[in-house]
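Notes follow once the structure below has been shown.
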Amino acid sequence: MRVPAHDWLRGEHDRLVHTRHRYSRQEVNAKLRAAGFAVTQLSWANTVLFPPAVAKRLLERVRGDSSGAEPDLWQPPAAINTALESAVAVEAALIPRGVPLPFGLSILAVARAV
């Protein structure tokens with residue numbers, strides 16, 4: 001399961017793409033356990049995109065007017081997109097090996113029914 005993280009990051013993007021909730025790691029863990037699952041892995045994801053996303057959200061709050069905001073769904077130039085794809089691929093290789101990522105925009109949970 002992959003869900004958006006950090007409710008304090010809620011912004012215009014969330015409204016435009018209909019994000020209902022952003023989760024904490026503790027909340028995901030508790031909800032899965034309460035539903036009868038054993039959590040086998042809980043990790044951050046989208047670590048590389050975290051710093052620019054935080055900067056963008058803070059800038060939106062400083063400006064105060066987000067009525068003209070666009071969702072963060074544009075495609076960057078090819079070279080930047082390739083670098084981002086590579087970074088996400090590295091994360092995708094590290095997470096299953098149990099390498100802890102220090103922070104992220106998303107929470108990735110792997111669980112099994114008990």
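The values are calculated or read from the model by the stated rules, or taken from the named source; none is laboratory data. Note that the coordinates shown come from a computational prediction; the quantities given were computed from them, not determined experimentally. As a convention, Cβ positions derive from the backbone with ideal geometry for all residues, glycine included, and neighbour counts pool all protein chains shown. For the accessible areas, the whole protein counts, side chains as well, though only heavy atoms, and no ligand, DNA or RNA atoms are used. Shrake-Rupley method; radii C 1.70, N 1.55, O 1.52, S 1.80 Å.
Tabulated data
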read-out	value
Segment Glu60-Glu85, length gained on full extension (0.36 nm per residue, minus Cα span)	6.4 nm
Residue (of Pro4, Ala87, Ala113) at the positive-pole extreme of the chain, dipole from beta-carbon charges	Ala113
Charged-residue dipole, Cβ positions (Lys, Arg, Asp, Glu), the chain about Cα centre, Debye nearest 20	460
Exposed trypsin sites (Lys or Arg not before Pro) absent - longest run of the chain, DSSP non-H/G/I/E/B, at most 15 other C-beta within 10 Å	21-114
Mean projection area, nm², convex hull over Cα of the chain	8.0
Theoretical gain in end-to-end length, Ala35 to Asp7 [0.36 nm per residue, Cα-Cα removed]	7.9 nm
Accessible area of the chain divided out per residue, in Å², using a probe of 1.4 angstrom	64
Chymotrypsin sites (Phe, Trp or Tyr not before Pro) within the stretch 1-107: DSSP coil, no more than 16 neighbouring Cβ in 10 Å	Trp74, Phe103
Efficiency of FRET between Ala92 and Arg112 - r from beta-carbon atoms, R0 25 angstrom, step 0.05	0.80
Carbon/sulfur fraction of accessible area - the chain, other protein chains in place, 1.4 Å, %	62
Candidates Ala38, Ala78, Ala93, ranked by Gaussian network fluctuation over the chain, Cα under 10 Å, top entry	Ala78
Relative contact order of the chain, defined on C-alpha pairs under 8 angstrom at six or more residues apart (%)	50
